[in-house]
1. Can you give the accessible area of Arg16 in Å² (nearest 10), computed on protein heavy atoms with a 1.4 Å probe?
2. Determine the per residue accessible area of the chain with all protein chains present and a 1.4 angstrom probe, expressed in square angstrom.
3. Please work out which option in (1) 134; (2) 81; (3) 91 gives volume of the Cα convex hull per residue in Å³ calculated from these coordinates, and answer with its label.
4. Nearest 10 degrees, 0 to 90: what angle lies between the long axis of helix 31-44 and the longest principal axis of the chain (Cα atoms)?
5. Per the helix-only calculation at 222 nm, which mean residue ellipticity applies to the chain, given -39500 (n - 2.57) for every DSSP H run of n ≥ 4 and division by its residues, nearest 500 deg cm²/dmol?
6. Which loop-located chymotrypsin sites (Phe, Trp or Tyr not before Pro) does the stretch 19-67 contain, where loop means any DSSP state but H, G, I, E or B and the Cβ has at most 10 other Cβ atoms within 10 Å?
7. Roughly how many percent of the accessible protein surface of the chain is carbon and sulfur, given a 1.4 Å probe and a whole-percent answer?
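The values are calculated or read from the model by the stated rules, or taken from the named source; none is laboratory data. Being a predicted model, the structure only gives us computed values, none of them experimental. Here the Cβ positions follow ideal geometry from the backbone for every residue, glycine too, while neighbour counts run over all protein chains shown. When the accessible area is computed, the model is the full protein with side chains, heavy atoms only, and any ligands, DNA or RNA have been set aside. Shrake-Rupley method; radii C 1.70, N 1.55, O 1.52, S 1.80 Å.
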Amino acid sequence: MKVPIPVGVKLFVEQRPKTQEEEEDMCYVPYAIAVGSLMYVMVYTRLDITHVVGVLRRFMSKLGKEH
């Protein structure tokens, strides 16, 4: 069975944008909408993605390209 997030992928707070320009670039990424959609899917149909959605949701306020 495939896993929703590859083994060995690490996401850290340090990967957040470090400059104003990087923050402005990331504000156009619909990250919150995507994570919200995944949460809906997780609750109603796919409990197997619970862990990865929890990991992704931690970075809602300071999204970096790695996230």
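1. Accessible area, nearest 10 Å²: 100 Å².
2. Details: 5430 Å² over 67 residues.
Counting only protein heavy atoms, the per-residue value for the chain is 81 Å².
3. Structure-derived value, by its label: (2).
4. Value to nearest ten degrees: 10.
5. Numbers: 3 runs with 29 residues, N = 67.
Taking each H run of at least 4 residues, the total per residue is -12500 deg cm²/dmol.
6. Numbers: sites: Tyr28, Tyr31, Tyr40, Tyr44, Phe59; in loops: Tyr28, Phe59.
Qualifying residues, ordered by number: Tyr28.
7. The computed percentage sits at 60.
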